[in-house]
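Below: one structure, written as structure tokens.
What follows is calculated from the coordinates using simple rules that are stated; it is not laboratory data. In this text, all values refer to a predicted model and were calculated from it rather than measured experimentally. When we count neighbours, we look across all protein chains shown, and the Cβ atoms used for this are built from the backbone with ideal geometry, even at glycine.
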Amino acid sequence: MIKKKLLTVLPLTENYSKYRAGAVSLFVKDINKYSAFSNFVIGSTSDRDIISKNYKNIKVFRSLFALSKNINYAKQVLHYIRENNFDLIEVHNRPQIAKYLIKNDIKRVSLFFHNNPLKLRNSKTKIERKFLLDNCLKIYFNSKWTRSKFFEDFKNKSVKKTHVVYQGINTKFKLGKKLNIIVFAGKLNKSKGFDVFCHSIPEVLNKFPKWKGVIIGDEPREKYSCHHKKLIYTGWLDHKKVINIFKKSSILVVNSNWDEPFGRVAVEGAATGNAIIMTKKGGLSETTKYKVFLKKNNKDFLVKELSKLISNPDLLSQLQKKTIKSFKHNSKEIIKKLDQIRQSV
């Protein structure tokens, strides 16, 4: 069977790089590894540590207006498509670009939503979403929650063209030796709940001297005073190094304040057997079967739940074992099912 050619169109703001790869880039990386299709990736980044060789970089002219930058990007994507033969075009998280390509007679365009459709340009209104539903080959969502937002004001919620395709991790881990480590990973801002974690973790580390905390990530736009002799800041790390930390850590805190469309950090934490403390925001609950929910995302409740797990080693161990045993978001299986959908159209 001749491999079909697939073009993956990344969002303009996505860094397809080893050290700054976001959820979309890591998902596309898994597509490259496991898909039966010949995948080509197009995007725009100033980074040089590109994840894979099948990448075409586009330089986008600076502009004061985000709209004109995206249109300029879309025009160059269109030009690239017309110069090459692709069997499928898959646009990630940019309904505006999907619409632009469709309006310019590009056929067989599918769209992936990695965020709330009601917050993205050209999918905010029911009319805009109806256009996408009528004209896209397929529409994929990274969670049931994200799909529910797309159909929020539809009376007839036909889902024949739509599929939930979770983001996964490409290895199934065995539960190894766990250390007394609490981890927070991601953008260190209020939306991710870092302000609450920052105010809580010193108290927990004082209460439990044998434990330490690790903070992975950064956020230059927000700064919080969060210091302790047993608290380590790593900054952004290569994805493999992050996973290695998760393998050793015991508890992962994912206490987002905003509606997470899904939550890749929680998926990776679950895959490596961490007990996960999370908020009931967006699609976070779809990341793992077993978790500890925060009734309120504040210092008192976070300190309480962390203390409960640390004070009860048997409870902590049981939760870790259940979490890794029930883990189902395996990239290889996810991409296999995605290929089956592609082959059917």
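So here's what we get for this one:
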{"read-out": "Helix 23-34 axis, angle to the chain major axis (alpha carbon atoms, nearest 10°)", "value": "70 degrees"}
{"read-out": "Rounded to 10°, Cα long-axis angle of helix 313-325 versus longest principal axis of the chain", "value": "20 degrees"}
{"read-out": "Highest average packing first - 105-113, 23-31, Cβ atoms within 10 Å", "value": "23-31, 105-113"}
{"read-out": "Net charge dipole size for the chain [Lys, Arg +1 and Asp, Glu -1 on Cβ; Debye, nearest 20]", "value": "520 debye"}
{"read-out": "Pair residue 160, residue 173: separation of 7 Å Cα→Cβ label points (nm)", "value": "4.3 nm"}
{"read-out": "Zero-based 5 Å bins, Cα pair distances in the range 181-325, whole percents", "value": "2, 10, 22, 25, 24, 14, 3, 0, 0"}
{"read-out": "The chain - Cys residues lacking any other Cys C-beta under 4.7 Å", "value": "136"}
{"read-out": "Burial order of peptide ranges 87-97, 288-298, 135-145 (average beta-carbon count within 10 Å, highest first)", "value": "87-97, 135-145, 288-298"}
{"read-out": "Given 99/223; 126/291; 149/178; 4/172; 177/337; 126/328, the pairs whose alpha carbons are separated by over 30 Å", "value": "99/223; 126/291; 149/178; 177/337; 126/328"}
{"read-out": "Pairs beyond 27 Å (Cα-Cα), from 157/322; 212/247; 144/190", "value": "157/322"}
{"read-out": "Ranked packing of 301-313, 223-235, most packed first, by mean Cβ within 10 Å", "value": "301-313, 223-235"}
{"read-out": "Answer label, with mean projected area of the Cα convex hull in nm² calculated from the coordinates and candidates [x] 20.1; [y] 16.1; [z] 18.0", "value": "[z]"}
{"read-out": "Segment residue 135-residue 332, extension gain: residue separation times 0.36 nm, minus the distance between their alpha carbons", "value": "68.0 nm"}
{"read-out": "Straight-distance crosslink candidates among aspartates and glutamates, where the alpha carbon sits under 14 Å from residue 56 and sequence neighbours closer than 8 are dropped", "value": "14, 47, 83"}
{"read-out": "Helix 194-207 vs. the chain, principal-axis angle (Cα, 0 to 90°, nearest 10)", "value": "20 degrees"}
